[in-house]
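The values are calculated or read from the model by the stated rules, or taken from the named source; none is laboratory data. Please read these numbers as outputs of a predicted model, since none were measured by experiment. Reconstructed Cβ throughout: ideal geometry from the backbone, glycine too, with neighbour counts over all protein chains shown. Areas reflect the complete protein model, heavy atoms only, side chains present, ligands, DNA and RNA absent. Shrake-Rupley method; radii C 1.70, N 1.55, O 1.52, S 1.80 Å.
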Amino acid sequence: MTLTGHMLIGGQAIAGSREAIRAINPATDAVLEPAYAGGSSEHVEQACTLAWQAFDRYRETSLNARAEFLETIANEIEALGDALIDRAVAETGLPRARIQGERGRTCGQLRTFARTVRAGEWLDVRVDQSQPQRQPLPRSDLRQRQIALGPVAVFGASNFPLAFSVAGGDTASALAAGCPVIVKAHSAHPGTSELVGQALARAVKKCGLPEGVFSLLFGSGNEVGIALVSDWRIKAAGFTGSRSGGLALSQAAQARPEPIPVYAEMSSINPVLLFPAALAARGEALAPGFVASLTQGAGQFCTNPGLVIAHQGPALDSFIATAAEGVQRSPAQTMLTPGIFRAYASAVAALAEHPQAQHVASGLAAEGPNQCQTQLFMTQAQDFLADARLQGEIFGAASLFVQCANDDEIRQVCEHLEGQLTATLHLDDADLDQARALLPTLERKAGRLLVNGWPTGVEVCDAMLHGGPFPATSDSRSTSVGTAAILRFLRPVCYQDFPDSLLPPPLKQANPLQLRRLLDGQREA
Ligand code: NAP
C-alpha cells in the first residue's frame with residue numbers, strides 16, 4: 001500500500017498546493033513521510049462541483065445499492081490489512097489492540113448503516129390518502145418521505161483516527177442518507193486518512209457510483225475547512241474536536257447567504273454523581289472502575305469522567321483515597337499529538353496553581369515524549385460554583401472531585417453545569433428519591449444518563465445518543481453515534497396529488513419497497 005501524499009478528489013489523486021504537513025509519531029517525536037501538501041480553495045471548488053454533480057444520482061440509488069456500497073467500503077478497509085494498523089499506530093501513539101478494535105467498530109458501523117438503509121424506516125413514509133367525499137372540503141392525497149440534504153463536509157477527529165475520521169460515523173451516516181461526502185482529514189493522521197480514502201474511492205468505483213460521491217482533502221490551518229463549510233453546495237457538516245474549532249465552523253456556516261447546520265461535538269466533562277448510600281456501601285469498590293474509565297486511552301475520550309460530585313464525609317474520603325492509590329499506579333500514556341499533550345500539560349498546571357484546587361494524586365511519571373500523567377484534584381462546591389476556571393474540560397486523564405455540604409449544593413453544582421454528553425449516577429435503592437429529584441436537572445443538561453456504570457465506551461446501536469446541549473454539541477437534537485445519526489442529513493418532502501407514476505418508489509401506492517408506512521394515521525404491520 002503506497003502512500004502518495006495526495007488528496008483524492010472524485011477518485012483522482014491530486015497534489016496540494018499549500019504548505020505541507022507531515023505526521024509526527026507522538027511516541028517518538030519522529031517525523032513520518034510522506035509530506036501532505038494542503039489543498040486550496042480551488043481544490044475545495046473542484047470537490048464541491050463533483051459532489052454536486054453526483055448528488056441527484058447518488059441520493060436516488062436503490063436502498064440495496066447504497067447498502068452494498070457501505071458494505072464494500074467496510075470490505076475495502078479490512079483488505080488494507082496491517083498496513084492500516086501500522087500507520088494508525090505510528091500516527092496516533094494509540095496501542096495496536098485499540099486501533100484493531102477501532103477498525104472493527106468502523107467496519108461494524110458501516111455494516112450497521114447498511115442494515116439501516118435496507119430496512120428503510122428512516123424514510124419515515126407517511127401517506128394520507130385523498131378523501132374526495134370529505135365535507136365540507138375534500139382532502140388531497142398527501143405523501144411524505146425523507147430525502148438527503150446534499151453534499152456533507154466531514155472533519156476527521158484526532159481521537160478516533162478510524163471510527164470518527166475518513167470512513168467514520170459522520171461519513172457512514174451521511175453516505176447512508178444519500179449525501180456525497182467531502183472529508184477534511186485531520187492533520188494528525190494524514191497517512192491513515194489517505195489509506196482509508198483510497199479504500200473508499202475503490203468502493204465508489206467498484207459500485208459504479210458517480211466519482212463525486214467522495215473526496216478527501218488535506219490542509220492545515222483554516223483555509224480548507226472554512227472554504228468547505230462556506231461553499232453553497234455543502235448542505236451540512238459533521239465535526240468532532242475543540243470548542244473553538246467547532247464554533248468557528250458553525251459561525252462560518254451561519255454567516256453564509258444560505259446558513260446550514262454544523263453538527264459539532266465539542267466539549268464535555270461528563271459529571272459522575274456518587275449518591276450517599278452507594279458511596280457508603282461500596283465507595284472503595286467503585287474507585288477502580290472510575291480510575292479505569294478516567295485513564296482509558298490517556299483520557300482522550302469525549303465521555304471521559306472529568307468531574308465527580310458527592311457529599312463530603314468519610315465515605316467520599318475513602319473513595320478518594322482508593323482512587324488516588326489507583327491513579328498513583330497508573331502508567332503515563334502517549335497522547336495523540338504534541339499539541340494535545342501541551343494543551344493537557346498547561347491545563348493541569350493551571351489547575352495545580354489554582355488556590356481552591358487541592359492536588360490529590362498523580363500517576364506514574366512520563367517515560368517518553370508527549371505522555372499524559374494522570375491527575376486528580378479536589379475542590380469545594382462553593383469554590384467550583386464561583387470560578388469558571390474550575391469548570392472547563394481538560395482533554396486527557398485529569399478529574400476534579402467536587403465536595404458538597406448537602407443536597408442543595410449538589411443540585412446547585414448540577415444546575416451550574418454546561419451541556420454534557422453524559423451524566424452518570426452511582427446509586428443504591430436508598431438513593432432513588434434523591435436521584436429522582438435531580439433527574440429533571442440532569443435531563444436538561446446531558447444527552448445520555450447512565451446508572452451504576454462509567455461513561456466511556458459508547459455502543460453503536462439504535463438507541464444510543466451521543467449528543468447533548470451546548471457545548472457538548474452544537475445541536476442537542478441529534479446524535480453522532482448510532483443509527484439515529486442518519487437523521488442529521490435528511491429533510492422531509494411532501495408530495496400532494498401526484499400521479500402514481502411520478503411518485504418516488506417509497507411513496508408509490510403499491511408500496512414496492514414494503515415499508516412500514518404511517519397510512520391514514522395507522523402504522524402498517
Ligand atoms: P481541533 O483543533 O478542533 O481540530 C479538529 C479539526 O478542525 C481539524 O481538522 C482542524 O484543522 C479543524 N479546525 C480547527 N479549528 C478550525 C478553525 N478555526 N477553522 C477551520 N478548521 C478548524 O481539535 P483537535 O486537533 O482534535 O484537538 C484539539 C483540542 O480539541 C484538544 O486538546 C481537546 O481539547 C479538544 N478535543 C475534544 C474532543 C472531544 O471529544 N470533546 C475530541 C478531540 C479534541 P487542522 O487539521 O488544521 O488542525
Notebook entry, point to check: Within the bounds of region 74-84, is there any residue that is modelled with pLDDT of 95 or more, surrounded by fewer than 17 Cβ atoms within 10 Å (Cβ to Cβ) and aliphatic (A, V, I, L, M)?
Noted result: yes
Notebook entry, point to check: Out of the residues in region 317-334 that are assigned to a helix (DSSP H, G or I) and surrounded by 23 or more Cβ atoms within 10 Å (Cβ to Cβ), which is farthest from the ligand (Cβ to nearest atom)?
Noted result: Phe319
Next item on the list: State whether the residues of region 378-397 include one that is within 16 Å of the ligand (Cβ to nearest atom) and assigned to a strand (DSSP E or B).
Entry: no
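Could you tell me which residue of region 341-353 is farthest from the chain's Cα centre (by Cα), considering only residues that are in contact (Cβ under 8 Å) with a residue 40 or more places away in the chain and under 18 Å from Glu367 (Cβ atoms)?
Val348
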Margin query: Can you find, within region 283-310, the residue that is surrounded by the fewest Cβ atoms within 10 Å (Cβ to Cβ) among those that are touching a residue at least 60 places away in the same chain (Cβ under 8 Å) and over 27 Å from the mean Cα position of the chain (by Cα)?
Written below: Leu286
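I'd like the residue in region 341-366 that is among the hydroxyl-bearing types (Ser, Thr, Tyr) and not in a strand (DSSP E or B) and, out of all such residues, is surrounded by the fewest Cβ atoms within 10 Å (Cβ to Cβ).
Applying the first criterion (among the hydroxyl-bearing types (Ser, Thr, Tyr)) to region 341-366 yields 344, 346, 362.
Remaining after also requiring not in a strand (DSSP E or B): 344, 346.
On the way: Tyr344: 24, Ser346: 11.
The extreme case among them is Ser346.
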Next item on the list: Look at Ala27 and say whether it is touching a residue at least 12 places away in the same chain (Cβ under 8 Å) and aliphatic (A, V, I, L, M).
Entry: yes
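Taking the condition touching a strand residue (DSSP E or B) at 6+ places or on another chain (Cβ under 6 Å), at pLDDT 95 or above and buried (at least 17 other Cβ atoms within 10 Å of the Cβ), does Val154 pass?
yes
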Margin query: So, in region 230-265, exactly how many residues are open to solvent by 30 Å² or more (accessible area, probe 1.4 Å), under 20 Å from Gly396 (Cα atoms) and more than 7 Å from the ligand (Cβ to nearest atom)?
Written below: 1
Next item on the list: May I ask you to verify whether Arg448 is outside any loop (DSSP other than H, G, I, E, B), within 13 Å of Ser268 (Cα to Cα) and open to solvent by 10 Å² or more (accessible area, probe 1.4 Å)?
Entry: yes
Next item on the list: Report yes if Ala201 is in a helix (DSSP H, G or I) and open to solvent by 10 Å² or more (accessible area, probe 1.4 Å), otherwise no.
Entry: yes
Check: Taking region 273-282 on its own, how many of its residues are touching a Leu at 6+ places or on another chain (Cβ under 6 Å) and without any contact (Cβ under 8 Å) to a residue 40 or more places away in the chain?
Finding: 0
